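The structure appears below as structure tokens.
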Number of protein chains: 2
Amino acid sequence: MSESIYVGVDLGGTTIKVGICNAEGQLLHTYEGPTQTDQGVDTVLGNIEKYVRLIVEQSSYSWEQLQGVGAGIAGFLNVRDGVVVLAPNIGFRDVPIQAILEERLGKPVKIDNDANVAALGEAWAGAGKGVEHCVCFTLGTGVGGGIIMNGKIYQGFSGMAGEVGHISVVPDLEAIQCGCGKMGCLETVSSATGIIRMANDAVERGDRTSLAAVDKIAAKDVFDAAKSGDEVSLRIIGRAAFYLGKALATTAALLNPEMYIVGGGVSKAGDILFDELRQVFAKLTPEPLQRGMSIVPATLGNDAGIVGAAGLILRS
Amino acid sequence: MSESIYVGVDLGGTTIKVGICNAEGQLLHTYEGPTQTDQGVDTVLGNIEKYVRLIVEQSSYSWEQLQGVGAGIAGFLNVRDGVVVLAPNIGFRDVPIQAILEERLGKPVKIDNDANVAALGEAWAGAGKGVEHCVCFTLGTGVGGGIIMNGKIYQGFSGMAGEVGHISVVPDLEAIQCGCGKMGCLETVSSATGIIRMANDAVERGDRTSLAAVDKIAAKDVFDAAKSGDEVSLRIIGRAAFYLGKALATTAALLNPEMYIVGGGVSKAGDILFDELRQVFAKLTPEPLQRGMSIVPATLGNDAGIVGAAGLILRS
């Protein structure tokens, strides 16, 4: 009779967002409060506990209905043991957060990195609802993502699987160095950072583009210019889409997913991006692997992290 | 008290090889007989049954100790339902082989494609013994392979995961068309076929190489020439190793395996191949993904298929 609920925590450097989901991944309530990273690890842990208790108290659900708490955290994690190895943005180093929160809350706790958790959110209750095998690409400042197999996050040997932003796709002649130290990663071209860099390069080269009139180019400026027919902007988005298509084709041959989910700020470019992406993918992927397969935009937006975190309890 | 045994079947177009493994994947007995493809599906199925019964009878084990039979088959399979959709080399089309053999043998039967089964064999009892997450590349006429996750073959959405030969790695300018219809697949450069093609190209171009004196170049001729210091042959193997290294780097970012296992005829090139491969991989892979990771030669040779087939019963 009494419905089960799950709390997801999106632990950011500035704010902690918490949300209650039901067993279908529907986000029922959210609450947001300051992280207070400057006041140390204990304060941050105390805030997580406080916000989790608060959101359940303020809801129509009882504490007994809460089945567990999941948290998405940016940084190096030991997912298996529930330890934050290093998370500079919240000032955590070697914090056994799972054990501490389980003790304080008296509920099962799971953690995973923010990109994996967002992927799980989309797979569980967003664009991928009902899909068992999907790969998510989140095109933001960098390119994050996650691999969902048999409905669960795939971790790999040391918990680092799903680094889709570091698939090598750019040929050596055109490749630039990625933040990871390697050359030609997807992240160097298909992220907002990559798009802005290509736009600035074009302006500096003196290419004829409406972007030349923009003071400080943002990815959105490139999308807007492209939508107005600016050839240079169309070419830049085409290039981002081309390399993303190559990365998708590579993962298709390896993982044979049912669905690709593409989210993050760059996905807001819309059809200009997705049309090219689907064409490149179709060209580079053996036909049998394309059957029954779809490439779709993410649907949960910023909520994907909270929803996926809540889903960790059901899907680990 | 009574040890469990597992029979693996390597169902080829000319011969059927069967073998008995114990629960550790040790290959205890083998038997080989003709497939008799020309005598139709029923004869082939009858031969499988006959050889399975025969090898158990001739061993010191009883039929009761047999836990099940696995078969590796080249072709399009519906693994979940145990149906051979299309296998031209044995003349099977829409044959529900699992149900038929389970009925005839009174034991559980599992099937999978030959490349996946060889990968499982190496992971279970060969180079990857004790490893939960590994990716196998078999460099033969083509490039086959398989992904082992949590100790099992990863199938993907429609059973086509692990097509490592069709990772796109060759830049467009140098790419040639693959048998799958796409351009620049790994198989076009790192297979025996790819090596022979590059060798013939070099000879036709008039490159100074000892291969010019060889009548019909085989991959082994290229390895031998390379070992004798032939620059052209070294360059060809270097190129095969380079693109294989790129493919490994890509799978590392996605799957974070603990081990890569490289087998097949081309792997016989030995250190010339593996040294270059490890260097390219190290250059293209983010350092954290390299930690604890190894690239090793396959150890079971042609037995990998039988062993892995037997392993299907334990590892599905």
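Only a single item in (1) away from chain B (no Cβ under 14 Å); (2) among the hydroxyl-bearing types (Ser, Thr, Tyr); (3) in contact with a Lys or Arg (Cβ under 7 Å, 6 or more places away or on another chain) is not met by residue A:168, and it is number (1). For the stretch A:149-161, filtered to residues that are closer than 15 Å to residue B:135 by Cα and in contact (Cβ under 8 Å) with a residue 12 or more places away in the chain, the residue that is nearest to the other protein chains (Cβ to nearest Cβ) is A:161.
Filtered by the rule that a residue be open to solvent by less than 10 Å² (accessible area, probe 1.4 Å) and not aliphatic (A, V, I, L, M), the stretch B:23-50 gives B:25, B:33, B:35, B:47. Within the stretch A:135-148, the set of residues being buried (at least 24 other Cβ atoms within 10 Å of the Cβ), over 10 Å from residue A:262 (Cα atoms) and either touching a Pro at 6+ places or on another chain (Cβ under 9 Å) or hydroxyl-bearing (Ser, Thr, Tyr) (or both) comprises A:147, A:148. Scanning the stretch A:47-85 for residues that are within 19 Å of the chain's Cα centre (by Cα), in a strand (DSSP E or B) and more than 23 Å from residue A:30 (Cα to Cα) yields A:76, A:77, A:78, A:84. All of A:46, A:68 fail the test of being in contact with a Lys or Arg (Cβ under 6 Å, 6 or more places away or on another chain) and at pLDDT 95 or above, apart from A:68.
Scanning the stretch B:115-133 for residues that are open to solvent by 20 Å² or more (accessible area, probe 1.4 Å), within 14 Å of another protein chain (Cβ to nearest Cβ) and not in a loop (DSSP other than H, G, I, E, B) returns a single hit, B:115. Of the candidates A:295, A:272, the single residue that is away from chain B (no Cβ under 13 Å) and not in a strand (DSSP E or B) is A:272.
Would it be correct to say that residue A:265 is at pLDDT below 95 and either more than 14 Å from chain B (Cβ to nearest Cβ) or surrounded by fewer than 21 Cβ atoms within 10 Å (Cβ to Cβ) (or both)? Against the criterion (at pLDDT below 95 and either more than 14 Å from chain B (Cβ to nearest Cβ) or surrounded by fewer than 21 Cβ atoms within 10 Å (Cβ to Cβ) (or both)), residue A:265 qualifies. Do we find a residue being farther than 29 Å from residue A:184 by Cα and of a type outside the set (Val, Ile, Thr) anywhere in the stretch A:133-149? No.
Would you check which residues across the stretch A:12-38 are within 23 Å of residue A:151 (Cα to Cα), in contact (Cβ under 8 Å) with a residue 60 or more places away in the chain and part of a strand (DSSP E or B) and list them? Those that are within 23 Å of residue A:151 (Cα to Cα), in contact (Cβ under 8 Å) with a residue 60 or more places away in the chain and part of a strand (DSSP E or B): A:18, A:19, A:20, A:21, A:27. Anything in the stretch B:212-269 that is aromatic (Phe, Trp, Tyr) and in a helix (DSSP H, G or I)? List them, or say none. Those that are aromatic (Phe, Trp, Tyr) and in a helix (DSSP H, G or I): B:223, B:242, B:243. Total residues in the stretch B:197-227 satisfying the condition of being closer than 30 Å to residue A:283 by Cβ and open to solvent by 50 Å² or more (accessible area, probe 1.4 Å): the figure is 5. Identify all residues within the stretch A:283-302 that are open to solvent by 40 Å² or more (accessible area, probe 1.4 Å) and at pLDDT below 95; write none if there are none. Passing the criteria: A:283, A:287, A:290, A:291, A:292, A:301, A:302. Evaluate the following for residue A:168: is it buried (at least 24 other Cβ atoms within 10 Å of the Cβ), within 28 Å of residue A:238 (Cβ to Cβ) and at pLDDT below 90? Yes; evaluated as a whole, the condition is true for this residue.
Selection over the stretch B:170-190 of residues that are assigned to a loop (DSSP other than H, G, I, E, B) and within 18 Å of the chain's Cα centre (by Cα) gives a count of 3. Looking at this structure, is residue A:8 part of a helix (DSSP H, G or I) and among the small types (Gly, Ala, Ser)? For residue A:8, the condition - part of a helix (DSSP H, G or I) and among the small types (Gly, Ala, Ser) - is not met.
Taking the criterion of being free of Cβ contacts under 8 Å to residues at least 40 places away in the same chain and basic (Lys, Arg), the residues of the stretch A:187-233 that qualify are A:197, A:205, A:208, A:216. When B:30, B:37 are checked against the criterion of being polar (S, T, N, Q), more than 24 Å from residue B:301 (Cα to Cα) and outside the structural domain of residue B:277 (by TED's automatic domain parsing), B:37 stands alone in meeting it.
Scanning the stretch B:74-92 for residues that are open to solvent by 10 Å² or more (accessible area, probe 1.4 Å) and touching a helix residue (DSSP H, G or I) at 6+ places or on another chain (Cβ under 6 Å) yields B:74, B:91. State whether one or more residues within the stretch A:93-107 are within 14 Å of chain B (Cβ to nearest Cβ) and either open to solvent by less than 20 Å² (accessible area, probe 1.4 Å) or within 28 Å of residue A:167 (Cβ to Cβ) (or both). Scanning the stretch A:93-107 turns up no residue that is within 14 Å of chain B (Cβ to nearest Cβ) and either open to solvent by less than 20 Å² (accessible area, probe 1.4 Å) or within 28 Å of residue A:167 (Cβ to Cβ) (or both). Looking across the stretch A:228-250 at every residue that is among the polar types (S, T, N, Q) and either surrounded by fewer than 24 Cβ atoms within 10 Å (Cβ to Cβ) or more than 14 Å from chain B (Cβ to nearest Cβ) (or both), the one that is nearest to residue A:184 (Cα to Cα) is identified as A:233. I'd like to check something: does the stretch B:33-45 contain any residue that is on the phi < 0 side of the Ramachandran plot, β-branched (Val, Ile, Thr) and within 14 Å of chain A (Cβ to nearest Cβ)? Checked the stretch B:33-45: no residue is on the phi < 0 side of the Ramachandran plot, β-branched (Val, Ile, Thr) and within 14 Å of chain A (Cβ to nearest Cβ). If the condition is being open to solvent by 10 Å² or more (accessible area, probe 1.4 Å) and closer than 28 Å to residue B:189 by Cβ, then the stretch B:303-316 contributes B:303, B:305.
The values are calculated or read from the model by the stated rules, or taken from the named source; none is laboratory data. Nothing here was measured: the structure is a model prediction, and the numbers come from that model. Using ideal geometry, Cβ is built from the backbone for each residue, glycine included, and neighbour counts are taken over all protein chains shown. The protein model used for the area step is the full one, side chains on, heavy atoms only, and it has no ligands, DNA or RNA in it. Shrake-Rupley method; radii C 1.70, N 1.55, O 1.52, S 1.80 Å.
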